[in-house]
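S.K.: My structure is below; once you've seen it, I'll send some questions.
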Amino acid sequence: MKIKYLLDLKIIIFRKVIGMKAVQQKEINSKNNERIVQSKKNSNMILAAFMIFILPIIIIFVGVFIGESIGEAVNGPIMSFKIIGGVVGLIIAGIIIKIFDKSSKIDKNAEKIHWDDL
């Protein structure tokens, strides 16, 4: 019982340290009393983090680049076209995130983490 309590305590401390972003790690005891470390990457969390944080930045930069190209092609004010391209890129990124959010599924087998456990 004491070992289980210590292992649970280690898991809670480890969760606090890494923030449980993309990696879950547990220590268990085998039959020979050796410590075995199991790591599991949650690819859904990594994909969601990419879609929310990285993809909009990439799309905004692409929008600015396309706006600059259009501004040079029509001999207009390039800075205005860059701003318009960035805003259009931001709107497109928002639409993509909204579509991704609606199409993502909730994993029933995923470990649920509650604030009281942390």
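S.K.: Considering (1) part of a helix (DSSP H, G or I); (2) of a type in the set (A, V, I, L, M, F, W, C); (3) at pLDDT below 95, say which one PHE65 fails and leave the rest.
M.R.: With respect to (1) part of a helix (DSSP H, G or I); (2) of a type in the set (A, V, I, L, M, F, W, C); (3) at pLDDT below 95, PHE65 is out only on (3).
S.K.: For the range 58-86, what are the residues that are crowded, with 18+ Cβ neighbours inside 10 Å, small (Gly, Ala, Ser) and under 22 Å from ILE96 (Cβ atoms)?
M.R.: GLY63, GLY67, GLY85, GLY86
The values are calculated or read from the model by the stated rules, or taken from the named source; none is laboratory data. Remember, predicted model here, so these are calculated numbers, not experimental data. We place every Cβ from the backbone using ideal geometry, glycine too, and count neighbours over all the protein chains shown.
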